[in-house]
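**Student:** Below is the structure I would like to discuss, written out as structure tokens.
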Amino acid sequence: MIEKAFIFDLDGVIVDTAKYHFLAWKSLATALEIPFSSEQNEQLKGVSRIRSLEKILKWGNKTISEEKFTRLMFEKNEEYLNYIATMDDKEILPDVPRVLAYLIKKQKAIALGSASKNARIILEKVKLIDNFQVIVDGTDVSKAKPDPEVFLIGAKKLGVDPENCIVFEDSIAGIEAANNARMISIGIGDAGILHEADYVFKDFTEITEEFINMLFITEKV
Ligand code: BG6
Ligand code: MG
């Protein structure tokens, strides 16, 4: 059997930190008097910190100095770090540990592929870090999702061809990145939003062992 590898996004897939990113961007946008909707927030999911701020400023038709840009990114991250300061394993999304344990039992390669520079801190806080053979995060990549770089680095480090990788993602940009990498893309969230994904599930409680077994022998079409 061809070896398969599984690459997990972090925010919104393993833990519900997407809500904290939203809150922190929302207060930044409010301070700048830029309207910011939850539809716009969907476009920030999976997107790097720098690209996210660029998008918000564009939506608000604002230009700011480089110095202010750097300060705002810092302040956004400080607010976000406050939200995650008290995080523990209770914030792991339902059935993520069950799916990870099943993949480990089946001796599958597992990587993290996240845009976040805070990924390692979070994995340590929720005590899942040891589940991952490889961690690729925002400190390793130069191109943000939807560029496939983050997932291609993960595949390379695991020694598995991209077409034998399966990606779990909650963001439009991340699904696009997985598809651009020619990997099987599994959306976690709303099928209306993640319609570019090969498969979509509301959350991991819907992912059965039968479905995972099928992935072990499925090729990307
Ligand atoms: C992604 C999130 O995982 O990481 C984005 O979906 C976030 O919302 C990005 O902007 C960068 O994260 P951080 O923690 O480095 O600011
Ligand atoms: Mg995400």
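**Student:** Based on Cβ point charges of +1 for Lys and Arg and -1 for Asp and Glu, what charge dipole magnitude is obtained for the chain about its Cα centre, in debye rounded to the nearest 20? List each step's numbers first, then the result.
**Tutor:** On the way: 28 positive and 36 negative charges, 91 e Å.
About 440 debye.
**Student:** Under a point spin-label approximation (7 Å from Cα along Cα-to-Cβ), what is the Glu33-Asp161 distance to one decimal in nm?
**Tutor:** Label at Glu33, label at Asp161, 5.7 nm between them.
**Student:** Say R0 is 22 Å: what FRET efficiency, to the nearest 0.05, do Thr205 and Lys127 get from their beta-carbon distance? Walk me through the numbers on the way to the answer.
**Tutor:** Numbers: r = 20 Å, r/R0 = 0.93.
After rounding to 0.05, the efficiency reads 0.60.
**Student:** If packing is taken as the average number of other Cβ atoms within 10 Å across a peptide's residues, how do 33-46, 68-81 rank, most packed first?
**Tutor:** Values: 33-46: 16.1, 68-81: 14.5.
The densest-packed peptide leads the list: 33-46, 68-81.
**Student:** Skip the ligands, DNA and RNA, and give the accessible area per residue of the range 17-134 with a 1.4 Å probe, whole Å².
**Tutor:** Here the residues of the range 17-134 average 54 Å² of exposed surface.
**Student:** Whole-Å semi-axes of the chain's equivalent ellipsoid, largest first, each the root of 5 times a Cα gyration tensor eigenvalue? The partial results should precede the final answer.
**Tutor:** On the way: eigenvalues 181, 63, 50 Å².
Each semi-axis is √(5λ); the values are 30, 18, 16 Å.
**Student:** In the chain, carbon and sulfur make up what percent of the accessible area (probe 1.4 Å)?
**Tutor:** Values: 5480 of 10670 Å².
Of all accessible area on the chain, carbon and sulfur atoms account for 51 percent.
**Student:** Take every Cα pair under 8 Å in the chain that's 6+ residues apart, average their separations, divide by the length, and report that relative contact order as a whole percent. Don't skip to the answer; put the middle values down first.
**Tutor:** On the way: 359 pairs, mean separation 56.6, N = 221.
Relative contact order here is 26 percent.
**Student:** Tell me the label-point distance for the pair Tyr102, Lys220, using the 7 Å Cα-to-Cβ offset, in nm and rounded to one decimal.
**Tutor:** Each label point is offset 7 Å from its Cα along the Cβ direction, giving 2.2 nm.
**Student:** Just check the range 137-190 against the gyration tensor rule for me: Cα atoms, a ≥ b ≥ c as the square roots of the eigenvalues, rounded for a/c under 1.5, and otherwise prolate or oblate depending on whether a/b exceeds b/c. Walk me through the numbers on the way to the answer.
**Tutor:** Working: a/c = 1.90, a/b = 1.18, b/c = 1.61.
In terms of gyration-tensor shape, oblate.
**Student:** Using a basic spin-label model with each label point 7 Å from the Cα along Cα→Cβ, how many nm lie between Lys143 and Lys58?
**Tutor:** Each label point is offset 7 Å from its Cα along the Cβ direction, giving 1.7 nm.
**Student:** Mean 1/r over all different Cα pairs, inverted: what Kirkwood radius does the range 18-84 give, in Å?
**Tutor:** Numbers: mean 1/r = 0.0845 Å⁻¹.
With all distinct Cα pairs of the range 18-84 included, I get 11.8 Å.
The values are calculated or read from the model by the stated rules, or taken from the named source; none is laboratory data. Worth saying up front: this structure is predicted, and the values here are computed from it rather than measured. When we count neighbours, we look across all protein chains shown, and the Cβ atoms used for this are built from the backbone with ideal geometry, even at glycine. Remember, those area values only see protein heavy atoms, side chains included, never the ligands or the DNA or RNA. Shrake-Rupley method; radii C 1.70, N 1.55, O 1.52, S 1.80 Å.
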